Amino acid sequence: MHTWSDIVPPDKRTPGIVAIDPVIFPILDKLYERRIKRLNAQAHALGENGEYYRFLSQIVHFQQQNLALSPLQQDEITAIHAVISLEQSNEQLENRLLGITCWQTAYARLITRLEAFLPQEMLQRLSGLLTKPQHLARLVVHLLRAEYQLVNPGSAVVIWAALSACWAQAITSLQKNAVTHPIAQSVACPCCGAPPVASLVLGGAREGLRYLQCSLCETRWHRVRAVCIACEETSQIDHWTLDDTKSAIQIETCGDCKSYIKAFRLDYDPTLEAVADDIGSFTLDKAAEAEGFLRIGINPFSFPA
């Protein structure tokens, strides 16, 4: 492993910023287009070894087409919002999920699209769930409750992608009404409660501001920099890279709670895309975990086994 470079940057605020948006809702078609572009670039760079990136690109293509061809109806949006906002037991959540057909339809269509890219054993496993809707809904409950060890990692990627295609539509349709949880100190998404993919330091008109990006509904929410997003401590925050101090992809660690999160400096490289480039930089995660840090959040294309 290369020597880590400690690059703790001071928190900064651009003078031109008058107000900080607490939440930024995605423009989904542009987000999907950007993600596809980054996945394809990584697949091309790896050549024959880029097959998984090409597979992931197919998933995002489906999400993009689902957005255009299967817009949610108001009753579906309302039902998804109820699933997100209500306190409920696992059994109640499972029953509510069974009553929402859009994500189940998206799941079936996604499997059809992926047939040519899936190993036969995985295809049979995923297709088999179509005949067991209650079991499929139970797997979704496990994922939403962060009980990842109870779901096959490969299955989780496909199930989560179908769910995300619908949840992201619902949240962007609701906009400000989608915010149901506190924002200022939230580790989980204030709209859907899912964990973040990564921390983003933005450029442009929001240069220097830090947002977390949701792994499910794609919403971004503001969190002050130089503060641990998990424990709120400030004394032992460090940023690390494996190369130079101006690397656009970093690891932010907290020595107090021994957590870490991937950090993308879009002010250094605006072409980065959180989900795609997180997958391409897992070497950093391995280095952080070797030092005893535990990751905050998940990548929807790589669930823990």
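The values are calculated or read from the model by the stated rules, or taken from the named source; none is laboratory data. Since this is a predicted model, take the numbers as computed values, not measurements. Quick reminder, even Gly has a Cβ in these numbers, built from the backbone with ideal geometry, and neighbours come from all protein chains shown. Heads up: the accessible areas ignore ligands, DNA and RNA and are worked out on the full protein's heavy atoms, side chains in. Shrake-Rupley method; radii C 1.70, N 1.55, O 1.52, S 1.80 Å.
The table for this structure:
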quantity: With all protein chains modelled, accessible area of D278 [1.4 Å, Å²]; calculated: 0
quantity: Where labels lie 7 Å past Cα in the beta-carbon direction, separation of Y268 and E51 in nm; calculated: 3.3
quantity: Degrees between helix 74-85 axis and first principal axis of the chain (Cα, 0 to 90, nearest 10); calculated: 60
quantity: Calculated FRET efficiency for the pair L294/L150, C-beta based, R₀ 22 Å, to 0.05; calculated: 0.70
quantity: Per principal axis, descending, Cα span of the chain in whole Å; calculated: 53, 45, 33
quantity: Angle in degrees between helix 133-144 and the longest Cα principal axis of the chain, rounded to the nearest 10; calculated: 10
quantity: D238-A226 pseudo-label distance in nm [points 7 Å out on the Cα-to-Cβ vector]; calculated: 1.8
quantity: Span from the the range 24-102 Cα centroid across to the the range 256-299 one, whole angstrom; calculated: 21
quantity: Degrees, to the nearest 10: 51-69 long Cα axis against longest axis of the chain; calculated: 70
quantity: Mean-position separation - Cα centroids, the range 167-190 and the range 140-154, in angstrom; calculated: 21
quantity: Long-range HN-HN contacts of Q236 with modeled amide H, under 5 Å; calculated: G255, D256
quantity: Evaluated at q = 0.15 Å⁻¹: base-10 log I(q)/I(0), Debye formula over Cα of the range 191-305; calculated: -0.60
